[in-house]
Amino acid sequence: MQTMQAVRKIAPGKGHVALCEVPIPEIGPDEVLMKVYAAGICGSDLLIQEDRHFYRAPVTQGHEFSGVAAKVGRNVKRVKEGDKFVADIECGKGEWLGVTVDGAFAPYMRVPEHVIYPIAPHVPIEHAGMAELVVATHHLIQERAQVRVGDDVVIVGPGPMGIVATQYAKLCGARQVILIGLKSDEKRLAIGRQVGADITIYAEDDPGKQVMELTGGKGAEFVLECSASGSGVQHAIDCARKAYEGPGGKGVVVFISLWGQPITVNLDQVSLGQLDIRGSWSWNGRETWEHAVDLINRGLFQFAPLITGHYRLDEWETAFENLRAKRDLKAMFLPNGAGWAQ
């Protein structure tokens, strides 16, 4: 039996993440064995370690990934050996790759064919590893709510989701994108400006007041909260366009954060200003993934500025700590070394 190393949540509770020796997966007739070349570390991976996110242990973590088909089952038609691909992490009812089913923090992972999406040969494999972020962003910015041409857009939280959403809002024709982060987020805010944010604001400097000034007193038509902080939720509400009379619905606030604990906010302006509050977490299955992969294949996003750290699997503790300390924006494991072995 051949084995490999994998970063796994080995038991329920806080902590219990370790580098383990596990068997290389065997595949069935409708499955593909992916050789993993890029596995992004998400904030939810940190929450799983902290026992503040759903999961099923023991499980190999890692739900943002790309790789190459190392072996294909006899019934597989969507890819052949050597093809680059990504995959929808929702692989069955209640089954999430890297959360409840073994994922990508390992050199190899088993992937059902029905969730596979081939990636164009010209797309760098690391950039393909950002596919799940683009999928989630497409869902929140086109399917759960919509950024319309001419909208003022506020994004609270300059993490990977906020930076990808900044670019997507510009693609949709936003009049201006205002990105809000803490003073300790300055490096991330600088990346936001590099990829399209028109204005960045420190959360400590009364962003609600500044956004009202920047929008002529009306507020932003579209606000995304992705900071995973209670204060971020309050900033999102404060920055949204209010409608104190008439039908309402002038300002839409979308939440994609998970807080993992209760938070306290003042919701009066949600009612008084008739704000439209929407949650966004999943996606519309194949429809969303096909749109997102098309956007990636057409090269419409700048991914290179976001990817600030590369790590071996045995460096997982350093990688997790660097993300928590904001030394990295998007950190990636390279379970099979750098680049794509042709």
Exercise. Go through the stretch 52-74 residue by residue and tally those that are in contact with a strand residue (DSSP E or B) (Cβ under 9 Å, 6 or more places away or on another chain) and farther than 23 Å from P158 by Cα.
Key: 16
Quiz prompt | Residue in the stretch 302-321 that is β-branched (V, I, T) and in contact with a helix residue (DSSP H, G or I) (Cβ under 7 Å, 6 or more places away or on another chain) present | solution = yes
Quiz item: Which residues, taken from the stretch 242-265, are in a loop (DSSP other than H, G, I, E, B) and under 24 Å from G159 (Cβ atoms)?
Solution: G251, I256, S257, L258, W259, G260, Q261, P262, I263, T264, V265
Quiz item: Which one of A11, A38 is aliphatic (A, V, I, L, M) and within 24 Å of the chain's Cα centre (by Cα)?
Solution: A38
Quiz item: Quick check: is even one residue across the stretch 31-47 crowded, with 22+ Cβ neighbours inside 10 Å, touching a helix residue (DSSP H, G or I) at 6+ places or on another chain (Cβ under 7 Å) and not β-branched (V, I, T)?
Solution: yes
Self-check item: Count of residues meeting criterion [buried (at least 19 other Cβ atoms within 10 Å of the Cβ) and farther than 16 Å from D185 by Cα] in the stretch 303-313
Solution: 3
Quiz item: Out of (1) under 27 Å from D45 (Cα atoms); (2) touching a Gly at 6+ places or on another chain (Cβ under 9 Å), the odd one out for A243 is which?
Solution: (1)
Quiz item: Do we have any residue at all in the stretch 50-61 that's over 21 Å from the mean Cα position of the chain (by Cα) and closer than 20 Å to G337 by Cβ?
Solution: no
Quiz item: Only one residue in E245, E221 is touching a residue at least 40 places away in the same chain (Cβ under 8 Å), among the charged types (D, E, K, R) and outside the structural domain of D328 (by TED's automatic domain parsing). Which one?
Solution: E221
Practice problem: Evaluate the following for G62: is it crowded, with 20+ Cβ neighbours inside 10 Å, touching a residue at least 40 places away in the same chain (Cβ under 8 Å), on the phi > 0 side of the Ramachandran plot and not in a helix (DSSP H, G or I)? | Solution: yes
Quiz item: In this structure, does D185 turn out to be outside the structural domain of D88 (by TED's automatic domain parsing), closer than 18 Å to K242 by Cβ, surrounded by fewer than 24 Cβ atoms within 10 Å (Cβ to Cβ) and among the charged types (D, E, K, R)?
Solution: no
Practice problem: Go through the residues of the stretch 319-328 one by one and say whether even a single one is outside the structural domain of L47 (by TED's automatic domain parsing), among the basic types (K, R), farther than 30 Å from G248 by Cα and outside any helix (DSSP H, G or I). | Solution: no
Exercise. Identify all residues within the stretch 1-29 that are touching a Cys at 6+ places or on another chain (Cβ under 6 Å) and of a type outside the set (A, V, I, L, M); write none if there are none.
Key: R8
Practice problem: With the condition kept exactly as written, say whether any residue in the stretch 142-155 is in contact with a helix residue (DSSP H, G or I) (Cβ under 6 Å, 6 or more places away or on another chain) and not β-branched (V, I, T). | Solution: no
Quiz item: W96 passes all but one of (1) assigned to a strand (DSSP E or B); (2) at positive phi; which number fails?
Solution: (2)
Practice problem: Could you list all residues from the stretch 314-325 that are surrounded by 20 or more Cβ atoms within 10 Å (Cβ to Cβ) and touching a Phe, Trp or Tyr at 6+ places or on another chain (Cβ under 8 Å)? | Solution: W316, A319
Self-check item: Selected residue [in contact (Cβ under 8 Å) with a residue 60 or more places away in the chain, over 19 Å from V134 (Cα atoms) and outside the structural domain of Y117 (by TED's automatic domain parsing)] from V252, V293, V270
Solution: V252
Quiz item: Restricting attention to the stretch 81-117, which residues are surrounded by 23 or more Cβ atoms within 10 Å (Cβ to Cβ) and either of a type in the set (G, A, S) or not assigned by TED's automatic domain parsing to the domain that holds I10 (or both)?
Solution: A87, G98, G103, A104, A106
Self-check item: Residues located in the stretch 129-185, provided they are in a loop (DSSP other than H, G, I, E, B) and under 18 Å from G43 (Cα atoms)
Solution: G129, M130, G157, P158, G159, L182
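The values are calculated or read from the model by the stated rules, or taken from the named source; none is laboratory data. What you see is a predicted model; the values in this text were computed from it and never measured. Cβ: placed from backbone, ideal geometry, glycine included. Neighbour counts: every protein chain shown.
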